[in-house]
1. Would you mind counting up the charge near Arg81? Only other residues with Cβ under 12 Å from its Cβ, with Lys and Arg at +1 and Asp and Glu at -1.
2. With every protein chain kept in place and ligands, DNA and RNA left out, what is the accessible area per residue of segment 79-184? Probe 1.4 Å, answer in Å².
3. Could you order peptides 159-172, 48-61 by the average number of other Cβ atoms within 10 Å of their residues, highest first?
4. Counting alpha carbon pairs within less than 8 Å and at least 6 residues apart, what relative contact order, in whole percent, applies to the chain?
5. Filter the cross-link list Lys58/Lys226; Lys112/Lys226; Lys90/Lys214 down to pairs whose alpha-carbon distance in this structure exceeds 23 Å.
6. Can you run phi through the Karplus equation (6.51, -1.76, 1.60; θ = phi - 60°) for segment 70-79 and list ³J(HN,Hα) in whole Hz, with x for Gly and Pro?
7. Heavy atoms only, probe 1.4 Å: what % of the accessible area of segment 1-88 goes to carbon and sulfur, would you let me know?
Amino acid sequence: MAQGSYGQFCPVAMAAEILCTRWTIVLLREFVAGSTRFNDLRRGVPRMSPALLSQRLKELEASGVIRRVPAPGEKGVFEYRLTPAGEELKPIVDAFGAWGQRWVDSELSMEKLDAQLLMWDMRRGIDTRPLPSRRSVIQFQYPERPASERAYWLVVEASGEVDLCSVDPGFDVDLYVTCDLRTMTAIWMGLDNVRVAVAADRLKLVGDRELIAKMQTWLGLSPFAKIERLAS
């Protein structure tokens, strides 16, 4: 019997042997969100070691959930893509997230703050349509965090491409966003909002008035933010 096997023929048990190892569902979340390259996957699971990430990718490939393919037009570069079997897991991953948003106490979520994950989620969730048709640079500042997690820059190009920087990219900043990490996480998760946080002086916005006025719109929010919470 393989190590970690439930020793049961039940399809639920067999699927769990593939999907319920540590970090696997969270890694699949990154595939569902659109990440395909090793470094991008790492940014979505910053607490997962590179060695374990490599191991899980090999296991998912061996199980037929993902495939490793050459990146188009980039010699020697590879991407990981969901197979048809992997694509079929998308509603399962979404259901995990919806269940967690609906039934897990929000205070428990707020105890597990992660600046890198939050900013990576915000980077891919930002709605560029309300932004000006020019480059917009938005600096997020979390004064209470360690120096390595204190400042991030979202650089939104006129083309709609969005980049996340943890080192000053050297562009003029259009909007400074300053708050504690808990406040921004709560806004992203739909537990708070920009207007209320500004009124309570928990969120400070300095810079381009148009960016300030439309922040609640362009911020995008978590895909689970609108799900009604039922946890007591």
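1. Around Arg81, the charge tally is 0.
2. Accessible surface, normalised per residue, equals 52 Å².
3. So the order, starting with the most tightly packed, is 48-61, 159-172.
4. Computed value for the chain: 17 percent relative contact order.
5. Distance filter (> 23 Å) returns Lys58/Lys226; Lys90/Lys214.
6. Using θ = phi - 60°, the values come out as x, 6, x, x, 10, 5, x, 9, 10, 10 Hz.
7. 55
The values are calculated or read from the model by the stated rules, or taken from the named source; none is laboratory data. Just so it is clear, the model here is predicted, and its values are computed rather than measured. Note that each Cβ is placed from the backbone with ideal geometry, even for glycine, and that neighbours are counted across all protein chains shown. Ligands, DNA and RNA are excluded from the accessible area calculation, which covers all protein heavy atoms including side chains. Shrake-Rupley method; radii C 1.70, N 1.55, O 1.52, S 1.80 Å.
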